[in-house]
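Everything on this sheet refers to the single structure shown next.
No value in this document is a laboratory result; all are computed from the given coordinates. The structure displayed is predicted, hence computed values, not measured ones. Cβ placement follows ideal geometry from the backbone for every residue including glycine, while neighbour counts extend to all protein chains displayed.
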Amino acid sequence: MIPSPEGLVLRELRVAYPEGPAFTYTLHLPPGTLAAGIGPNGSGKTTLLRALIGVLPVQEGTLQLQGMSLLKQPPRERARRVGYLPQLSPPDPTLTVVETVMLGRYPHFPSPWGPSPEDRRVVEKVLRRMGLWAVRHWSLHRFSGGERQWVELARVLAQDPVLFLLDEADRHLDVPHRNAFLEILREVCQRSSRMVLWITHDLHGIAQSADVVWAFSREKGVQGPFPPERLNDRAFVDRLFPTRVIPHVPADPEENPVSY
């Protein structure tokens, strides 16, 4: 099948750290797709997301979004089209909820002087949609880790990107909030043909709620797309996550005496 040029298209995209492993990606997300990216630690999931936002340089290959090369676009234009929430995104606790969410609109600001009426309208809509309007003037230091993560998700939603990249964005969310955000993203995908790539270790929640699953492996690269039902196949999961347990051997007190 020929990939739709309106989606995200990666062909033999090679990314390497200055000192470390290199990864090659071939992947396609059609418009309107909510995809889960799964795989063991060190299999290149976060590396791909960092390459897509331009933090890591691409050595060779094709990277297109909506038929246009992301590699040739200036950072501000890329930021309008690609929204990213990293694993660790500690917000400034001195900012209020509305200030944090407005940061998502920064690439869209018409001038350095601040947001437009449209930016304010978008932020208000997102705050109301995510139940944050009543606490919009609260500082983030008043919130728990999961609540701050919910505000960060609101920031990415306000950015209104074509492509959402979420790196374990469910780390601090309880089940109701995780499911609520999945529902919001699915509405966005269906209504406006946005795309989501959600990196997750939640094989029974987010991954099985996705439209498709892409499996990452250091040895085999990225494989897929697979239907979420494949995650019910124990053999498939075992191949993806080989058991590599380092046994804990208690120290021999005769060989390793404790000194005080």
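Peptides 134-141, 34-41, 177-184 ranked from most to least packed by the mean count of surrounding Cβ atoms within 10 Å: 34-41, 177-184, 134-141.
Checking (1) 29, 23, 18; (2) 37, 24, 20; (3) 32, 26, 19 against semi-axes √(5λ) of the Cα gyration tensor in Å calculated from these atoms, the matching label is (3).
In what sequence do 164, 109, 143 fall when counting other Cβ within 10 Å, fewest first? Exposure proxy ranking, most exposed first: 109, 143, 164. When only Cα pairs below 8 angstrom with a gap of at least 6 residues are kept, the stretch 119-178 shows a relative contact order of 36 percent. Where both bridge residues fall in the chain, DSSP classifies roughly 55% of the beta bridges as antiparallel.
Cross-link reach is defined here as a Cα-Cα straight distance under 27 Å, omitting same-chain residues fewer than 8 places apart; for residue 220 the lysines meeting it are 45. Across the chain, the mean sequence separation of Cα contacts (distance under 8 Å, 6 or more residues apart), normalised by length, yields a relative contact order of 26 percent. The chymotrypsin sites (Phe, Trp or Tyr not before Pro) of the stretch 52-136 that DSSP puts in a loop, and whose beta carbon has at most 14 other beta carbons within 10 Å, are 113.
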